[in-house]
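A.B. asks: Please find one structure pasted underneath; my questions will follow.
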Amino acid sequence: SLVKYHTAVAAGGVGMTTVAYAAVTRSGLSFQHQLLINRDAIPELRRLTDAIHREGAAAAIQLGHCGLMADVSVAGTCLSPSGGFNLYGPNFHRAARVEELKEIVREFGRAVKIAGESGFDVVEIHAGHGYFISQFLSPYTNKRKDDYGGSFENRSRFMTGVIREVMASAGQHMGVVVKMNLRDGFKGGMELDESTRVARLLEQEGVHGLVLS
C-alpha cells in the first residue's frame, strides 16, 4: 500500500517522500483507481502523512491534470489544448473551453488546501511529461488561436494561472515545487531555450524549487 511504501522510504532516512500522482479533479484521471484528491480522501491521506512524519520525514504530494491522457470511462471527458486524436490513448480529445480552464485553475487551488489539511508539507505541481500544463506549454500540442495559444506568453498563461492559485492557497505554511521538462524529446516540442524561460517564469512566481526532467 501507499502507506507501507512511503513509511519504509521515510524510515530509510530520506528528508522527504513524494506521493504521486494525484488528480486535482475527476477530468484529470488517466486510469481507474488513480488517486483523486478531494475532501473524502483526507482521513486516509492524513493516516499516510502521520506515518511519514512519525519516521522523521516530510511528506509531499504531486498534483496534476493529465489532459488528453484522460481515461473517459473514469474522467467523464478528455480535454486538451486543441482537440484531436491521441495515439497513446488511443482516444479523441476536445479543446478545453476558457471557462473550463479557469475552473481547473481553481481546482488546483482547492487541491493544495486539501493537501494542507491532509498533513502534507509540500505540493509538487506536475507541469511536465506531456500532462495538461505541459500540453499547453508545448507548441506541438498547443495549436490554439486564443489567449492560451501561439506565443510563449500565451502558451504559458494556463501554467501561470495555476501557479498563482497554488501559491495563494499554499500561503506561508507549505512548500511548492514544480516538475517540468527540459525538453519534450520530439520534433516540434519544447526545447531548452523555452524551458529556461519557463524556469525563470516559475522563479518569478515564487515557487520554492524545480524538479527537472
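The values are calculated or read from the model by the stated rules, or taken from the named source; none is laboratory data. Please read all numbers here as calculations on a predicted model, not as lab measurements. As a convention, Cβ positions derive from the backbone with ideal geometry for all residues, glycine included, and neighbour counts pool all protein chains shown. Only protein heavy atoms, including side chains, enter the accessible area calculation; ligands, DNA and RNA are left aside. Shrake-Rupley method; radii C 1.70, N 1.55, O 1.52, S 1.80 Å.
A.B. asks: With a 1.4 Å probe and all protein chains left in place, how much accessible area per residue does the chain have, in Å²?
C.D. replies: Details: 10230 Å² over 213 residues.
With all protein chains present, the chain gives 48 Å² per residue.
A.B. asks: Hydropathy first: keep DSSP H helices in the chain averaging at least -1.0 on Kyte-Doolittle, then drop any whose Cα extent along the axis falls short of 15 Å, and list what survives.
C.D. replies: Values: long enough: 42-54 (17 Å, -0.58); 98-117 (29 Å, -0.16); 157-170 (20 Å, 0.62); 192-204 (18 Å, -0.55).
Going by DSSP H runs, the hits are 42-54, 98-117, 157-170, 192-204.
A.B. asks: Could you please state how large a percent of the accessible area of the range 1-100 is carbon and sulfur, counting protein chains only and using a 1.4 Å probe?
C.D. replies: On the way: 2840 of 5060 Å².
Roughly 56 percent of what the probe reaches on the range 1-100 is carbon or sulfur.
A.B. asks: When the chain is treated as a GNM, springs tying every alpha-carbon pair under 10 Å, which of Gly128, Gly64, Gly171 comes out with the largest mean-square fluctuation?
C.D. replies: Most flexible of the set in this elastic network: Gly171.
A.B. asks: To continue, here is another question. Hey, which lysines would be in cross-link range of Lys113, C-alpha to C-alpha under 22 Å, not counting anything within fewer than 8 residues on its own chain?
C.D. replies: Lys102, Lys179
A.B. asks: I would also like to ask the following. Would you kindly state the longest site-free stretch of the chain, with sites defined as trypsin sites (Lys or Arg not before Pro) in a DSSP loop (not H, G, I, E, B) surrounded by at most 11 other Cβ atoms within 10 Å? Spell out each step's value before the answer.
C.D. replies: Numbers: sites that count: Arg97, Lys145, Lys187.
After excluding every exposed loop site, the longest remaining stretch is 1-96.
A.B. asks: Largest first and in whole Å, what are the equivalent-ellipsoid semi-axes of the range 75-169 based on the Cα gyration tensor, each being the root of 5 times an eigenvalue? Show your work: numbers first, answer last.
C.D. replies: Working: eigenvalues 117, 48, 28 Å².
Equivalent ellipsoid semi-axes, largest first: 24, 16, 12 Å.
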